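Let me begin by presenting the structure, written as structure tokens, before commenting on it.
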Amino acid sequence: MTERYYREEEHFHSRDRKQSRKDRRHAQETDRSKFKKSDLKEEGEPPPEDPNLKPGRVTAITGEGVRVNVEGTEFLCTLKGFVKKEKMQMKNPVAVGDLVRMLPTSATEGSIAFIEKRFSILSRTDVTGKQEQLIAVNIDQVLITSSLLQPPLKPALIDRYLIATERGNMHPVILINKIDQFDSASEDVKLLYREFLVAYERLGYPILSISTVDGTGLEGLREILKNKTSVFSGQSGVGKSSLLNAAFEFDLPIGNLTQKTYKGSHTTTTARLLPLPHGGFCIDTPGIRSFGVWNLQKEDVVRHFREFEPYVHECRYPDCTHLIEPSCAVQEALETGKLSPIRFESYQTLLDEIEGLDRRTKRKLEQEP
Ligand SMILES: Nc1nc2c(ncn2[C@@H]2O[C@H](COP(=O)(O)OP(=O)(O)O)[C@@H](O)[C@H]2O)c(=O)[nH]1
Ligand SMILES: [Mg+2]
Ligand SMILES: [Zn+2]
């Protein structure tokens, strides 16, 4: 899997982990009063009262370090040894959007001493499946971006983002880009698009059909982004960077779609927090091949399909999976057209996947001596 950006970020964090162990040891040897265990700041604790510390916001994480904006000036920072230990055990203890306190060490460099409590987190399961990987934090809304045709609309992927958005305390907005291709689309694609709109609008999700080619929806997008912090998420090639360029005249690199997969070529390699000309911030993220919701348990899935709820209550089996059981109220609702087949399929796919993961873990455990 080529996930250049995340590899770069990973490289930074693994290097930093080693460095911070070294820092801690060195500090303990030179000054016993510093870096004591009690110095580890707990989540939500007030920041250390050091007048030299400057409040800033993380704008990007690259192989070189963490970029922190302090009153308009960018500093390239490292993480100080006592940044929370548990955070160090995450895939990436610091993320784009983090509010931090940093100690300048020169006019352009510094070290992060404290990370403020986050009010929202967009994360996913990392490629190993074992750790939470932060994509961006302290954001108001996730623009779940997809395209109509190239790559094709994938409601199951949109549902995963919807779940992650809900769990991470953010508002979702669904963007369907490349709507200029509607006329040239097949009847199947047109039908799926229409069914999608009906089902998701009924659920109350805001949806914007948009095009960077003919300008459809760009004014609406600017309105949505105004004075908020937003993150653009979605498969590579759907047009996230193009949308930002078209709406705000940014100059972000755009990818070519490969003929075979219609996926982009990972032109955006680093998530970046960009100030918007009319107020607000947005984060363009690099494309990811797969998106797994972090720590999603089988029992939790149905809660995120909120329209299933009345039928779940009616269901006669308390532990019904609503997939194969006979005379299940959820399936009856599906058969009588009260529930959308798109949503049901997505529910099924998610459960199957979690089951599959479970089975794999079980098999592994059984194989272990
Ligand atoms: N037809 C059409 N193509 C678009 C539109 N927006 C972007 N593209 C194309 O989609 C490809 C991927 O765009 P890019 O912005 O790099 O996608 P990202 O990976 O999501 O950032 C490029 O070839 C763009 O020219 C659109 O509204 N309509
Ligand atoms: Mg891009
Ligand atoms: Zn049931």
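Considering 296, 276, the condition of being at pLDDT below 95, more than 12 Å from ligand 2 (Cβ to nearest atom) and surrounded by 13 or more Cβ atoms within 10 Å (Cβ to Cβ) is satisfied by 296 alone.
In segment 291-306, the residue that is nearest to the chain's Cα centre (by Cα) out of those that are more than 18 Å from residue 136 (Cβ to Cβ) and outside any helix (DSSP H, G or I) is 296. Annotation: of all residues in segment 221-234 being in a helix (DSSP H, G or I) and under 18 Å from residue 165 (Cα atoms), the one that is nearest to ligand 2 (Cβ to nearest atom) is 225. Identify, please: which residue in segment 309-342 is hydroxyl-bearing (Ser, Thr, Tyr) and more than 12 Å from ligand 3 (Cβ to nearest atom) and is, among those, surrounded by the most Cβ atoms within 10 Å (Cβ to Cβ)? Top of the filtered list is 340. Of the residues making up segment 188-247, those that are over 23 Å from residue 96 (Cβ atoms) and either of a type in the set (S, T, N, Q) or within 8 Å of ligand 1 (Cβ to nearest atom) (or both) number 7. Within segment 47-65, the residues that satisfy the criterion of being in contact with a strand residue (DSSP E or B) (Cβ under 9 Å, 6 or more places away or on another chain) and over 30 Å from residue 286 (Cα atoms) are 47, 48, 50, 52, 53. Every condition in (1) crowded, with 22+ Cβ neighbours inside 10 Å; (2) within 11 Å of the chain's Cα centre (by Cα) holds for residue 121 except the one numbered (1). Within this structure, residue 129 fails the test of being at positive phi and outside the structural domain of residue 181 (by TED's automatic domain parsing).
For segment 137-152, the set of residues classified as modelled with pLDDT of 95 or more and crowded, with 19+ Cβ neighbours inside 10 Å consists of 137, 138, 139, 141, 142, 143, 144, 145, 146, 147, 148, listed by residue number. Checked against the criterion of being in contact with a strand residue (DSSP E or B) (Cβ under 6 Å, 6 or more places away or on another chain) and of a type in the set (Gly, Ala, Ser), the candidates 292, 337, 280 yield just one match: 292. Among residues of segment 221-232 that are over 8 Å from residue 141 (Cβ atoms), those with a beta-carbon under 9 Å from a residue that is among the aromatic types (Phe, Trp, Tyr) and part of a helix (DSSP H, G or I) at least six positions away or on a different chain give the pairs 222/248; 225/248. Of all residues in segment 276-300, those that are in the same structural domain as residue 170 (by TED's automatic domain parsing) and at positive phi have Cβ atoms under 8 Å from Cβ atoms of residues that are surrounded by fewer than 19 Cβ atoms within 10 Å (Cβ to Cβ) and assigned to a loop (DSSP other than H, G, I, E, B), 6 or more apart or on another chain, in 279/226; 279/227; 280/226; 280/227; 280/228. The set of residues from segment 181-220 being buried (at least 17 other Cβ atoms within 10 Å of the Cβ), assigned to a helix (DSSP H, G or I) and without any contact (Cβ under 8 Å) to a residue 60 or more places away in the chain comprises 193, 200, 218.
The values are calculated or read from the model by the stated rules, or taken from the named source; none is laboratory data. Since the model is a prediction, treat every value here as computed from it, not as a measurement. Methodologically, a virtual Cβ is constructed for each residue, glycine included, from the backbone with ideal geometry; neighbour enumeration extends over all protein chains shown.
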